[in-house]
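**Q** Please read through the structure below; I'll follow up with questions.
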Amino acid sequence: MARQVSQQEIDTFVRRRGLFTRRQVLGGAAVVGAMALGGALDRLVLAQQVSEDTTRVQGGPASDVSKGRSQFEQPKRTVTTAYAGIPQISGTDQSQLVGVITPSDLHFERHHAGIPDIDPRRYKLLVHGLVERPMVFTLDDLKHFPQESFPHFVECSGDSSGHYRGLLETATIVDTNPLYSNSEWVGVPLEILFREVGAKKEARWFLAESYDGAAMTRSVPMSKGYDDGMLTYGQNGEAVRPEQGYPVRLLLPGWEGNINVKWLRRIEVSDRPFMTREETSKYTDPLPREGKARQFTFEWDAKSVITQPSGGMTVRGKGFVEVRGLAWSGRGKIARVEVSTDGGKTWGLASLAEPVLSKTSTRFRYPWFWEGQEAIILSRCTDETGYIQPTRNQLLLVRGESNYHYNGIQAWKIQPSGTVVQTYHEPPLQAALPTHLAGLWPLTPDCGLV
Amino acid sequence: MKGVEALLALALAGIALLATACRGPAGLPSPTQSNLLLAPQAQPTPVGPSATGPGYRGAYGLGRDATPEEIATWDIDVMPDGTGLPPGSGTPAQGATIFAAKCASCHGDKGQGGLPATSEVLVDTRPWFERGNPRPVGPRTIGNYWPFATTVFDYVRRAMPFDKPGSLTNDEVYAVVAWLLNQNKIIGEKDVMNAQTLAKVQMPVRDLFVPDPRPWPEYQ
């Protein structure tokens, strides 16, 4: 990566460290003026704010709350779907992020009735049903219990669902993996709460209900609560963000996003599931070929995606490219991530950033020398149960064009120009289908399969 | 950069270690017993008034007893056998008026959806699938994809209408549900929906739903 330093750069460096001549200052002002006239107003503004040599001036003052990110860093969520005019989804752009923790203000959002504004002093959690002691807990009560903390991913059940039908070449990671984020969560183990209220022996499921406008509900097996379920009030070192469920969110590590009920207000313990809307008509996987619907899919199967380079980015040129990405599994730790830079013909092992923890983002990195030719890059992960991330065709062959829980291998194509586009590395599925079914798969020209 | 990553790694390792350590405070179960705590039957050593007597509030003595009124106010869920259905009733004709006034602006006058585009299609009795075809052939609606009529009541009561969730009376919810079931050809136009009749409604696609058979390798 290193290169020789030019004489001009040395001159510039010397000039910056020394005194400007009057001619140099005037010349500089003329250049800035020309840029402004040319329309580069943004750059002019920045130029005024940024010191030419930060080692020769005092910087900004300390403050009680950070003014935010560097003015040069503007990562953003992408707001997408609105319901009745109110946006209810915003996606995380993982191509802008590094490491494994998603900054809390960039964690994706999916709401069913907007973000409720809850006064923590008035917050109460009701726990009742098949328990010895129906009880009410305040936020202070919950914070007083023994505490637990873990980094865990939350991924919406519908993340990547566009791949069932097929996505366009123009798709970026905000189109392919918008609804995946990873945080450190802090709270009370659910099993402590269950013991506190005396959950009865016949208890098998509990209902989790939200304070939001949909009073959203999901049924959860008690076993998950006893295993590793948590009531969380902390996220990445501070209170859970309002859009993530402030003040208390149910967190069921590794399970589909929707069941991690935000703004939790009630838990009802029962001997059977409640069959709420979100576990029957939604968040079930339609299997159109058989005319069936899969219910109670909780765990995310192992999944990975290359975040850099990814769709919409430009590889800066022939030479060294570090392929970077994220891998995760709802069933435990990531054991292995393989990367292919030739469309799946050959694979190499990526390095995994330590520590590799259960049900959380694992960052992988893979060194590559790009020769400047067209290349299709893929990642494929294996989790500690031995489960291998499937290809898209493998999923489609079994499920058909389903709706949720998509975890297929994601492919990016690097064009000779360096621009990266979304692609599918396998042949169109028609070829793979049994003959009597091939005609029943009406491929559309825009779906990316053809 | 390496230094920062190493620090983060240490921090995360610390988190992992802490999490695997003891959950109980002094006097409560020790780390060596922590595995036992995972079992539902395991009982902690009680502190406070008495393990069985009145006033016992668990090992930590936190929280307070819920009042019957609190529970009654919040316990609005309805189960497939009808548990939780409130008094009240409604007919498809009554529901038609309410739907036109409070629902049709999003869901269309016939429940066909699409106003705005993201609103749900509520009425369509044709199957959303075609056996052998891997691509769905139509929208999934109350008529062809909702396995329990009680869920419609539960959901409408808690979450609809979108701009005023929870504002319908129980009679209004019964009526809207009756209209939706009638439009989907599941009940007759004179059928009255109440706690008894709604619990008996058999949805045509009840058997569509199968529990997820995983984990097992589904595609080999």
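**Q** Let me confirm something: among A:68, A:33, A:28, A:39, which residue is out of contact with any Cys (no Cβ under 6 Å at 6 or more places or on another chain), at positive phi and either surrounded by 11 or more Cβ atoms within 10 Å (Cβ to Cβ) or modelled with pLDDT of 90 or more (or both)?
**A** On the way: A:33 fails: at positive phi; A:28 fails: at positive phi; A:39 fails: either surrounded by 11 or more Cβ atoms within 10 Å (Cβ to Cβ) or modelled with pLDDT of 90 or more (or both).
Going through A:68, A:33, A:28, A:39 in turn, just one is out of contact with any Cys (no Cβ under 6 Å at 6 or more places or on another chain), at positive phi and either surrounded by 11 or more Cβ atoms within 10 Å (Cβ to Cβ) or modelled with pLDDT of 90 or more (or both): A:68.
**Q** Suppose we filter segment B:71-81 for residues that are out of contact with any Gly (no Cβ under 8 Å at 6 or more places or on another chain) and buried (at least 19 other Cβ atoms within 10 Å of the Cβ); how many remain? Please lay out each step first, then the result.
**A** Filtering segment B:71-81 down to residues out of contact with any Gly (no Cβ under 8 Å at 6 or more places or on another chain) leaves B:71-74, B:79-81.
Checking which are buried (at least 19 other Cβ atoms within 10 Å of the Cβ) leaves us with B:79-80.
Residues in segment B:71-81 being out of contact with any Gly (no Cβ under 8 Å at 6 or more places or on another chain) and buried (at least 19 other Cβ atoms within 10 Å of the Cβ): 2 in total.
**Q** Please give the number of the condition residue A:163 fails out of (1) farther than 26 Å from residue B:162 by Cα; (2) in contact with a strand residue (DSSP E or B) (Cβ under 9 Å, 6 or more places away or on another chain); (3) not in a loop (DSSP other than H, G, I, E, B).
**A** Single failed check for residue A:163: (2).
**Q** Let me ask something else. Right, residue A:190: under 19 Å from the mean Cα position of the chain (by Cα) and not β-branched (Val, Ile, Thr) or not?
**A** On the way: under 19 Å from the mean Cα position of the chain (by Cα): no; not β-branched (Val, Ile, Thr): yes.
No, not satisfied.
**Q** What is the residue count in segment A:270-281 for residues that are at the interface with chain B (Cβ under 7 Å from one of its Cβ atoms) and in a strand (DSSP E or B)? Give the steps one after another, and end with the answer.
**A** If we filter segment A:270-281 for residues that are at the interface with chain B (Cβ under 7 Å from one of its Cβ atoms), which is where we start, we get A:274-277, A:280-281.
Checking which are in a strand (DSSP E or B) leaves us with none.
Residues meeting the conditions: 0.
To keep it simple, each residue is scored yes or no on (1) more than 8 Å from chain B (Cβ to nearest Cβ); (2) buried (at least 20 other Cβ atoms within 10 Å of the Cβ); (3) closer than 23 Å to residue A:153 by Cβ.
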{"site": "A:268", "(1), (2), (3)": "no, yes, no"}
{"site": "A:283", "(1), (2), (3)": "yes, yes, yes"}
{"site": "A:300", "(1), (2), (3)": "yes, yes, yes"}
{"site": "A:305", "(1), (2), (3)": "yes, yes, yes"}
{"site": "A:308", "(1), (2), (3)": "yes, yes, yes"}
{"site": "A:337", "(1), (2), (3)": "yes, yes, yes"}
{"site": "A:352", "(1), (2), (3)": "yes, no, yes"}
{"site": "A:357", "(1), (2), (3)": "no, yes, yes"}
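**Q** Among the listed residues A:343, A:372, identify the single one that is at positive phi and touching a Lys or Arg at 6+ places or on another chain (Cβ under 6 Å).
**A** Working: A:343 fails: touching a Lys or Arg at 6+ places or on another chain (Cβ under 6 Å).
One residue alone meets the criteria, A:372.
**Q** With B:201, B:176, B:210 as the choices, which residue is within 14 Å of another protein chain (Cβ to nearest Cβ) and within 25 Å of residue A:214 (Cα to Cα)?
**A** On the way: B:176 fails: within 14 Å of another protein chain (Cβ to nearest Cβ); B:210 fails: within 25 Å of residue A:214 (Cα to Cα).
The match here is B:201.
**Q** As an exercise: evaluate residue A:135 against (1) in contact (Cβ under 8 Å) with a residue 24 or more places away in the chain; (2) closer than 24 Å to residue A:190 by Cβ; (3) out of contact with any helix residue (DSSP H, G or I) (no Cβ under 7 Å at 6 or more places or on another chain) and give the number of the one condition it does not meet.
**A** The single condition residue A:135 does not satisfy is (3).
Let's see how each residue does on (1) under 15 Å from residue A:405 (Cα atoms); (2) free of Cβ contacts under 8 Å to residues at least 24 places away in the same chain; (3) of a type in the set (D, E, K, R):
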| position | (1), (2), (3) |
| --- | --- |
| A:246 | no, no, no |
| A:250 | no, no, no |
| A:253 | no, no, no |
| A:262 | no, no, yes |
| A:265 | no, no, yes |
| A:274 | no, no, no |
| A:279 | yes, no, yes |
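**Q** If we scan segment B:96-109, do we find a residue that is of a type in the set (A, V, I, L, M, F, W, C) and under 25 Å from residue A:400 (Cα atoms)?
**A** Here is the first cut: in segment B:96-109, the residues of a type in the set (A, V, I, L, M, F, W, C) are B:96, B:98-101, B:103-104, B:106.
Those still in the list that are under 25 Å from residue A:400 (Cα atoms) too: none.
The answer is no; no qualifying residue exists.
**Q** Another question, then. Just name the residue that is nearest to the other protein chains (Cβ to nearest Cβ) out of those in segment A:217-250 that are over 23 Å from residue A:282 (Cβ atoms) and charged (D, E, K, R).
**A** Per the criteria, the residue is A:227.
**Q** Could you please let me know if residue A:317 is at positive phi, at pLDDT below 95 and surrounded by fewer than 20 Cβ atoms within 10 Å (Cβ to Cβ)? Quick ask: steps written out before the conclusion?
**A** Values: at positive phi: yes; at pLDDT below 95: yes; surrounded by fewer than 20 Cβ atoms within 10 Å (Cβ to Cβ): yes.
Spelling it out, residue A:317 is indeed at positive phi, at pLDDT below 95 and surrounded by fewer than 20 Cβ atoms within 10 Å (Cβ to Cβ).
**Q** Only one residue in A:169, A:202, A:155, A:132 is under 25 Å from the mean Cα position of the chain (by Cα), surrounded by fewer than 20 Cβ atoms within 10 Å (Cβ to Cβ), over 14 Å from residue A:249 (Cα atoms) and not hydrophobic (A, V, I, L, M, F, W, C), so which one is that? Steps first, answer last, please.
**A** Numbers: A:202 fails: under 25 Å from the mean Cα position of the chain (by Cα); A:155 fails: surrounded by fewer than 20 Cβ atoms within 10 Å (Cβ to Cβ); A:132 fails: under 25 Å from the mean Cα position of the chain (by Cα).
Of the residues listed, the single one that is under 25 Å from the mean Cα position of the chain (by Cα), surrounded by fewer than 20 Cβ atoms within 10 Å (Cβ to Cβ), over 14 Å from residue A:249 (Cα atoms) and not hydrophobic (A, V, I, L, M, F, W, C) is A:169.
**Q** With respect to the numbered conditions (1) surrounded by fewer than 18 Cβ atoms within 10 Å (Cβ to Cβ); (2) more than 10 Å from chain A (Cβ to nearest Cβ); (3) within 26 Å of residue B:197 (Cβ to Cβ), which one is the sole condition not fulfilled by residue B:114?
**A** Single failed check for residue B:114: (3).
**Q** Can you report the number of residues in segment B:78-92 which are charged (D, E, K, R) and away from every other protein chain (no Cβ under 14 Å)? It would help to see each step written out before you state the result.
**A** Within segment B:78-92, the first condition is being charged (D, E, K, R), and the residues that meet it are B:81.
Still in the running and away from every other protein chain (no Cβ under 14 Å): none.
So the count comes out to 0.
**Q** Kindly indicate whether any position in segment B:130-139 is away from chain A (no Cβ under 13 Å) and either in a loop (DSSP other than H, G, I, E, B) or in contact (Cβ under 8 Å) with a residue 24 or more places away in the chain (or both).
**A** Restricting attention to segment B:130-139, the residues satisfying the condition of being away from chain A (no Cβ under 13 Å) are none.
So far as segment B:130-139 goes, no, none of its residues is away from chain A (no Cβ under 13 Å) and either in a loop (DSSP other than H, G, I, E, B) or in contact (Cβ under 8 Å) with a residue 24 or more places away in the chain (or both).
**Q** Further question: Would you check which residues across segment A:293-309 are part of a loop (DSSP other than H, G, I, E, B) and on the phi < 0 side of the Ramachandran plot and list them?
**A** Just the residues of segment A:293-309 that are part of a loop (DSSP other than H, G, I, E, B), to begin with: A:296-298, A:300-302, A:309.
Within segment A:293-309, A:297, A:298, A:300, A:301, A:302, A:309 qualify.
**Q** Considering only segment A:99-152, how many residues are facing chain B (nearest Cβ under 10 Å) and of a type in the set (Phe, Trp, Tyr)?
**A** 3
**Q** Residue pairs, Cβ under 7 Å, 6 or more apart or interchain, first in segment B:47-71 and part of a helix (DSSP H, G or I), second surrounded by 15 or more Cβ atoms within 10 Å (Cβ to Cβ) and modelled with pLDDT of 80 or more. List them.
**A** From segment B:47-71, the pairs are B:70/A:126; B:70/A:136; B:71/A:126; B:71/A:128; B:71/A:134.
**Q** Of all residues in segment A:310-333, how many are more than 15 Å from residue A:420 (Cα to Cα), aliphatic (A, V, I, L, M) and either within 14 Å of chain B (Cβ to nearest Cβ) or part of a loop (DSSP other than H, G, I, E, B) (or both)?
**A** Number of matching residues: 0.
**Q** State all residues of segment A:191-215 that are part of a strand (DSSP E or B), facing chain B (nearest Cβ under 9 Å) and more than 15 Å from residue A:132 (Cβ to Cβ); if no residue qualifies, say none. Please lay out each step first, then the result.
**A** Residues of segment A:191-215 part of a strand (DSSP E or B): A:199, A:205-210.
In the following step, the residues that additionally are facing chain B (nearest Cβ under 9 Å) were identified as A:199, A:207, A:209.
Correct list: A:207, A:209.
**Q** Right, next: Restricted to segment A:75-106, and to residues that are part of a loop (DSSP other than H, G, I, E, B) and at pLDDT below 90, which residue is surrounded by the fewest Cβ atoms within 10 Å (Cβ to Cβ)?
**A** Out of the qualifying residues, it is A:85.
**Q** Yes or no: residue B:211 surrounded by fewer than 23 Cβ atoms within 10 Å (Cβ to Cβ) and over 30 Å from residue A:87 (Cβ atoms)? Spell out how you get there, then give the answer.
**A** Working: surrounded by fewer than 23 Cβ atoms within 10 Å (Cβ to Cβ): yes; over 30 Å from residue A:87 (Cβ atoms): yes.
So residue B:211 passes the test.
**Q** Would you mind finding the one in B:167, B:119 that is closer than 30 Å to residue A:125 by Cα, among the polar types (S, T, N, Q) and outside any helix (DSSP H, G or I)? Let's see the steps before the verdict.
**A** Details: B:119 fails: closer than 30 Å to residue A:125 by Cα.
Going through B:167, B:119 in turn, the sole match is B:167.
**Q** Within the group A:443, A:395, A:449, which residue is of a type in the set (A, V, I, L, M, F, W, C), modelled with pLDDT under 75, crowded, with 16+ Cβ neighbours inside 10 Å and not in a strand (DSSP E or B)?
**A** Numbers: A:443 fails: crowded, with 16+ Cβ neighbours inside 10 Å; A:395 fails: modelled with pLDDT under 75.
Checking each option against the conditions leaves just A:449.
The values are calculated or read from the model by the stated rules, or taken from the named source; none is laboratory data. From a predicted model like this one, the values you see are computed outputs, not experimental measurements. Every residue, glycine among them, receives a Cβ derived from its backbone with ideal geometry; neighbour counts consider all protein chains shown.
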